[in-house]
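The values are calculated or read from the model by the stated rules, or taken from the named source; none is laboratory data. Since the structure is predicted, the reported quantities are computational estimates derived from the model, not experimental observations. Areas reflect the complete protein model, heavy atoms only, side chains present, ligands, DNA and RNA absent. Shrake-Rupley method; radii C 1.70, N 1.55, O 1.52, S 1.80 Å.
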Amino acid sequence: LIKKKPIIFDVGANNGQSIERFLNLFQGAKIHSFEPLQNEFENLKKKYEKNKNIYLNNIAVGDNKNSKFLNVSAKTDTSSFNNINLNNKWIEKRSKQYGVSQKNYVTKRQKVKLDTLDNYCKENKINHIDILKIDTQGYEDKVLKGCYKLIKKKRISIIITEIMFDDVYDKYFSFSDLEQFLIPWNFRMVGIELSNNNLFTGLVFFADVMYFNKNIYKI
C-alpha cells in the first residue's frame, strides 16, 4: 500500500531505532526526525547527518510553538513532559536496573523547544506525510493537536503511535483519548504491536498501534 519512497515523520527519534527500521523497509524513504534531547540528537547527527534523505530536527513536537521543560530519565527513551509516578513497580525495577534511586530516576529537567507539525510542514513546503510515527511518552495527544490541519486536509496516510497501559506517568492516555482525534477524520485502527516486556513476565506496559486513513486506503 505504501509507495516506494515515502515521506516519514519520526517524532521522538531517541537514538534512531525507528529510523533504522524504516530504512530497512523503504530504501528511498525521506525521514524527518524530531528529537529534543541534546545528547541523543548528537548521536543522531553522527549516524545520519551524511544521509541527504534524513532531516534531523533538535526540537520536540506539540500543540504550539514554545519552550518547555522535559523530564530527562536515566533510560532516555522514557523521558517525558509528564511527571513519573514514583510509587509503582515499574519505576522501582527500572531505577534498580540503571543503578539509581527512584527519586533520582529523572536525572534532570532540560528546557527544549517545541513546534507543531502544521507549522513545520508549512515552513518546509511538505504537502503530505505517508507515515507519522509518534513516541512521546504520553504527549501524543498534543502532537496530534498540532497537526490538526494536516489531518483535516487528509494529508497524513498512516499514523503509528504508542499507547501506555500503566500509570508510569501522572497522565493516563487511553484509546478513547487517542481516537477522538482520529475517528472523526476516517482513521481506522488496523494493527497493534505489543512490546516485549523485560521487567515483568506476562505484563504489557505499552503497545504501538497503527491507523490507516480510510480516505486514502479503501479499507
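Quick rundown of the values:
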read-out	value
Spatial separation of Cα centroids for the range 77-126 and the range 1-50, in angstrom	19 Å
Relative contact order of the range 87-162, pairs being alpha-carbon contacts under 8 Å that are 6 or more residues apart, as %	31 percent
Calculated P(r) tail over 20 Å for the range 1-68, as whole % of Cα pairs	27 percent
Most mobile of Val72, Val61, Val190 in a GNM of the chain (Cα contacts under 10 Å)	Val190
Once the Cα gyration tensor of the range 2-124 is diagonalised, semi-axes √(5λ) in Å	29, 18, 12
For the chain, built as a Gaussian network whose Cα springs stay under 10 Å, the top-fluctuating residue of Gln17, Gln38, Gln137	Gln17
25 Å tail of the calculated P(r), the chain, as % of Cα pairs	39 percent
Contact order normalised by residue count of the range 2-134, Cα under 8 Å, 6+ apart, percent	29 percent
Estimated [θ] at 222 nm from DSSP helical runs (n ≥ 4, -39500 (n - 2.57)) normalised by residues in the chain, nearest 500	-6500 deg cm²/dmol
Carbon and sulfur %, accessible surface of the range 53-205 computed with the full protein complex present, 1.4 Å	47 percent
Accessible area of the chain divided out per residue, in Å², using a probe of 1.4 angstrom	53 Å²
Residue of Gly191, Gly62, Gly12 that the Gaussian network model of the chain assigns the largest fluctuation, springs spanning Cα pairs under 10 Å	Gly191
Antiparallel DSSP beta bridges within the chain, as percent of all bridges there, nearest 5	55 percent
Gain in span if fully extended, Lys154 to Asp177, counting 0.36 nm per residue against the direct Cα distance	6.3 nm
